[in-house]
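First up is the structure itself, then whatever we jot down about it.
The values are calculated or read from the model by the stated rules, or taken from the named source; none is laboratory data. Here the structure is a predicted model, which means the values were calculated and not measured. Cβ placement follows ideal geometry from the backbone for every residue including glycine, while neighbour counts extend to all protein chains displayed. Just so you know, the surface numbers come from the protein's heavy atoms only, side chains and all, with ligands and any DNA or RNA stripped out. Shrake-Rupley method; radii C 1.70, N 1.55, O 1.52, S 1.80 Å.
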Amino acid sequence: DDGQGATGEAIIHADDHPGNWMTYGRTYSEQRYSPLDQINRSNVGNLKLAWYLDLDTNRGQEGTPLVVDGVMYATTNWSMMKAVDAATGKLLWSYDPRVPGNIADKGCCDTVNRGAAYWNGKVYFGTFDGRLIALDAKTGKLVWSVNTIPPEAELGKQRSYTVDGAPRIAKGRVIIGNGGSEFGARGFVSAFDAETGKLDWRFFTVPNPKNEPDHAASDSVLMNKAYQTWSPTGAWTRQGGGGTVWDSIVYDPVSDLVYLGVGNGSPWNYKYRSEGKGDNLFLGSIVALKPETGEYVWHFQETPMDQWDFTSVQQIMTLDLPINGETRHVIVHAPKNGFFYIIDAKTGEFISGKNYVYVNWASGLDPKTGRPIYNPDALYTLTGKEWYGIPGDLGGHNFAAMAFSPKTGLVYIPAQQVPFLYTNQVGGFTPHPDSWNLGLDMNKVGIPDSPEAKQAFVKDLKGWIVAWDPQKQAEAWRVDHKGPWNGGILATGGDLLFQGLANGEFHAYDATNGSDLFHFAADSGIIAPPVTYLANGKQYVAVEVGWGGIYPFFLGGLARTSGWTVNHSRIIAFSLDGKSGPLPKQNDQGFLPVKPPAQFDSKRTDNGYFQFQTYCAACHGDNAEGAGVLPDLRWSGSIRHEDAFYNVVGRGALTAYGMDRFDGNMNPTEIEDIRQFLIKRANETYQREVDARKNADGIPEQLP
Ligand SMILES: O=C(O)c1cc(C(=O)O)c2c(n1)C(=O)C(=O)c1cc(C(=O)O)[nH]c1-2
Ligand SMILES: [Ca+2]
């Protein structure tokens with residue numbers, strides 16, 4: 001017995017039953033390539049909607065649905081699970097773990113969920129409040145549920161642990177990480193027995209603040225190797241250090257290793273975090289572990305001294321690649337920092353790396369070690385000056401999955417350009433409970449303030465597919481999109497690529513040259529990756545529709561430049577003989593501008609802006625302009641009266657809908673300052689937004 005079990009063998013031999021999609025990236029290699037070819041270049045133009053299922057959450061949908069023997073298991077926003085007849089879209093059962101509404105603000109980036117794992121008749125998924133749940137795949141009944149966050153993780157006022165990534169299963173162990181590095185967190189992953197839910201091992205990705213044993217699998221490597229790369233007294237000792245594993249965890253049966261994609265530092269500010277000293281292992285790294293024990297095997301650090309939110313959590317893919325006449329089993333990786341890495345999957349040896357998007361923070365990688373050659377100006381926490389970084393905190397590529405086609409030899413990356421203005425917090429590191437704690441000036445970061453700089457920033461926003469040739473380490477061709485934050489990619493044996501876009505269109509492209517062969521109006525922005533499967537012998541392509549995630553939350557109104565849609569979250573599925581026609585017409589005007597109160601106290605609006613940017617902007621949009629996912633506060637009824645506003649923001653009248661109460665963070669005067677600021681912003685922008693609704697695309701001509 002090699003410990004794989006029947007499901008492990010089925011995933012390893014996925015191509016023997018290509019009708020299923022049994023794990024997040026379809027195979028352990030996470031290539032997101034399906035050999036199915038009933039739908040191909042010659043007939044994809046006839047693709048039709050086969051069914052759709054409206055979801056009960058109109059927020060970001062990032063899930064990869066699994067399909068096992070004709071049943072689809074889809075996770076949706078607020079950590080809900082739905083089992084659906086994959087041929088008809090009929091709901092078979094659903095499971096709501098009842099995540100408390102007031103914890104939406106404990107995560108940085110929308111209450112999303114990226115998917116489930118399947119093993120031996122059970123489906124597994126994580127919840128935003130930190131649980132891992134196993135359900136009977138047939139009935140949807142609870143088998144077990146565990147809290148993945150240990151008490152010793154110190155869930156304190158400044159710490160936060162949320163789970164939104166898909167669990168992966170290696171040799172009967174369910175492995176799951178979490179998010180939280182924007183608030184304060186110490187990253188770790190846990191492995192649970194798939195049958196019983198019993199904790200098997202745990203691995204912390206950054207050292208114990210006192211360099212003491214955690215009695216975890218990571219103890220020896222952290223104490224012997226990692227601790228020396230941190231200053232002993234930096235803010236990380238209180239703030240956790242970061243390194244959350246919030247997305248990619250991959251088991252590779254060829255090397256028999258588990259790979260973790262490790263996230264950014266906490267706080268972001270390297271000067272405050274580690275007194276400007278050390279590489280800070282294992283931030284921005286891939287770490288390889290033994291699946292049975294969690295024992296450390298190797299690591300490769302992509303971003304030493306992280307200060308840009310350059311997570312290496314982005315999808316880890318393995319493939320066999322001819323390099324200098326020899327086939328090597330490698331990891332290919334396109335993390336946020338903008339470089340495409342090829343790494344030996346067994347040893348972690350750096351083979352090569354090249355930027356797949358424009359980058360200004362490094363001029364390249366050292367050809368021997370793979371260490372970035374820094375632009376000194378990019379080390380803004382050391383220079384003390386502002387830095388307009390490309391990529392910015394959202395990366396050249398974020399959670400949207402890339403795909404590889406063994407037929408073309410190309411990797412297809414949903415790439416983007418979203419700059420970020422990095423500005424240090426002055427006067428030392430000051431954390432705020434329940435807020436992003438970056439060590440950056442929240443009034444100045446992100447998007448530049450002056451109208452000219454803002455216009456230039458909008459011009460810099462870009463989104464496209466890079467077809468990347470890993471053998472040449474060069475771009476083969478590209479498909480341009482309207483803007484950033486488009487969906488993940490699926491490649492198929494029909495020589496097709498499928499991708500949903502931020503502007504609400506679903507497309508099929510020719511995998512050999514990018515020609516646009518099919519598009520469908522899904523009416524709402526798509527950020528999730530499509531899957532394909534067979535039901536009753538017929539090929540379907542399906543995707544979750546729903547606009548959200550961090551991009552529209554934080555960029556707010558500017559995110560509309562990717563294509564304005566109003567969110568109606570759904571699962572949609574296509575086949576060549578689909579009969580479900582176009583989607584029904586829905587409200588396509590979004591949150592309509594409502595004439596605001598005329599009066600506001602201009603002595604209070606500056607502090608209101610400060611409080612808003614600190615506590616509200618990450619969800620309700622920079623400078624109070626919404627992007628159509630959560631309520632646009634400029635037009636909210638509650639800004640019309642001081643008490644009404646305080647009931648929502650201070651006392652939590654809307655906690656059931658995901659709006660936490662903030663009376664523990666701000667006093668009534670500060671909350672009223674925010675209301676005054678919102679009325680000011682509503683007056684400044686009302687006419688522009690009314691006029692914008694008359695444009696065909698609903699986007700203001702003058703942004704900002
Ligand atoms: O540092 C972290 O712990 C953390 C967590 C998450 C998350 O859990 O979703 C994101 C990020 N960082 C992040 O940097 C990021 O760009 C991001 C985008 C998204 C998303 O789902 O839209 N999540 C996250
Ligand atoms: Ca982060």
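Can you work out the Karplus-derived ³J(HN,Hα) for every residue in the range 534-539? Use 6.51 cos²θ - 1.76 cosθ + 1.60 with θ = phi - 60°, whole Hz, and x for glycine or proline.
10, 10, 6, x, 10, 7
What is the range 355-412 by shape, rounded, prolate or oblate, if you read a ≥ b ≥ c off the alpha carbon gyration tensor as root eigenvalues and call it rounded for a/c under 1.5, prolate for a/b larger than b/c, and oblate otherwise? Don't jump to the answer; show the numbers that get you there.
Values: a/c = 3.66, a/b = 1.84, b/c = 1.99.
Verdict is oblate for the range 355-412.
Given the options 650, 626, 614, identify the residue whose Cα lies farthest towards the positive end of the charge dipole of the range 595-685 (+1 on Cβ of Lys, Arg; -1 on Cβ of Asp, Glu).
626
Working out 0.36 nm times the residue gap between residue 56 and residue 603, then minus their Cα-Cα distance, what length gain in nm do you get to one decimal? Don't skip to the end; give the middle numbers.
Numbers: separation 547, 0.36 × 547 = 196.92 nm, distance 4.20 nm.
Extending this stretch completely gives an extra 192.7 nm.
Which cysteines does the chain leave without a neighbouring Cys Cβ under 4.7 Å?
616, 619
Among 102, 529, 229, which residue has its Cα positioned farthest towards the positive end of the charge dipole of the chain, with +1 placed on the Cβ of Lys and Arg, -1 on the Cβ of Asp and Glu, and the dipole taken about the Cα centre?
Of the listed residues, the answer is 102.
Percent antiparallel among DSSP beta bridges with both residues in the chain, to the nearest 5?
Working: 126 of 130 bridges.
Of the beta bridges lying entirely in the chain, close to 95 percent run antiparallel.
Using each residue's phi in the range 590-597, evaluate 6.51 cos²θ - 1.76 cosθ + 1.60 at θ = phi - 60° and report the 3J(HN,Hα) Karplus result to the nearest Hz, with x for Gly and Pro.
Going residue by residue, I get x, 6, 6, x, 10, 4, x, x Hz, with x marking Gly and Pro.
Please give the charge dipole size of the range 115-154, origin at the Cα centre, charges +1 on K and R Cβ atoms and -1 on D and E Cβ atoms. Round to the nearest 20 debye.
Numbers: 4 positive and 4 negative charges, 70 e Å.
The calculated dipole for the range 115-154 is roughly 340 debye.
With a ≥ b ≥ c taken as the square roots of the eigenvalues of the C-alpha gyration tensor of the chain, please select rounded if a/c is under 1.5 and otherwise prolate if a/b is larger than b/c or oblate if it is not?
Numbers: a/c = 1.41, a/b = 1.14, b/c = 1.24.
The shape class here is rounded.
Using the Cα centre as the reference, give the magnitude of the dipole from point charges on the C-beta atoms of the chain (Lys, Arg: +1; Asp, Glu: -1; all else neutral), rounded to the nearest 20 debye. Before the final figure, lay out each step's value.
Working: 62 positive and 78 negative charges, 136 e Å.
Result for the chain is approximately 660 debye, rounded to the nearest 20.
Counting alpha carbon pairs within less than 8 Å and at least 6 residues apart, what relative contact order, in whole percent, applies to the chain?
Numbers: 1990 pairs, mean separation 94.7, N = 704.
Averaging sequence separation for qualifying contacts and normalising by length gives 13 percent for the chain.
Hey, can you grab everything whose amide H is under 5 Å from the amide H of residue 298? Only 5+ residues off in sequence or another chain; H modelled, so Pro and N-termini drop out.
Excluding prolines and chain starts, which carry no amide H, the hits are 288.
Just check the range 1-107 against the gyration tensor rule for me: Cα atoms, a ≥ b ≥ c as the square roots of the eigenvalues, rounded for a/c under 1.5, and otherwise prolate or oblate depending on whether a/b exceeds b/c. Working shown, then result.
Values: a/c = 2.01, a/b = 1.26, b/c = 1.59.
Note, shape of the range 1-107 comes out oblate.
Once you've got the Cα coordinates, tell me which of 407/472; 462/595; 277/368 are over 28 Å apart.
462/595
Let me check against my output: what whole-number percent is the relative contact order of the range 535-690, with C-alpha pairs under 8 Å and at least 6 apart?
Working: 227 pairs, mean separation 44.4, N = 156.
Relative contact order for the range 535-690 comes out at 28 percent.
Taking 0.36 nm per residue of sequence separation and subtracting the Cα-Cα distance, how much length would be gained by fully extending the chain between residue 471 and residue 145, in nm to one decimal?
Numbers: separation 326, 0.36 × 326 = 117.36 nm, distance 4.42 nm.
Residue separation times 0.36 nm, minus the Cα-Cα distance, leaves 112.9 nm.
With a probe of 1.4 Å, find how much accessible area the chain has per residue, and write the answer as a whole number in Å².
Working: 23550 Å² over 704 residues.
Here the per-residue accessible area is 33 Å².
Mind listing the long-range amide H neighbours of residue 535? Cut-off is under 5 Å, sequence gap 5 or more, other chains count too, H placed in the peptide plane at 1.01 Å from N.
The answer is 540.
Skipping prolines and chain starts, which residues have an amide H placed within reach, meaning under 5 Å, of the one on residue 257, given they are 5 or more residues away or on another chain?
Those qualifying (amide H under 5 Å, at least 5 residues apart or on another chain) are 252.
Using helices alone, I'd like the mean residue ellipticity at 222 nm for the chain: each DSSP H run of four-plus residues gives -39500 (n - 2.57), total over residue count, nearest 500. Write down the numbers at each step before the final one.
Working: 10 runs with 81 residues, N = 704.
About -3000 deg cm²/dmol.
Quick one: what are the phi-derived ³J(HN,Hα) couplings along the range 51-63, Karplus 6.51/-1.76/1.60 with θ = phi - 60°, whole Hz, x for glycine and proline?
6, 9, 10, 5, 9, 9, 10, 9, 9, x, 10, 10, x
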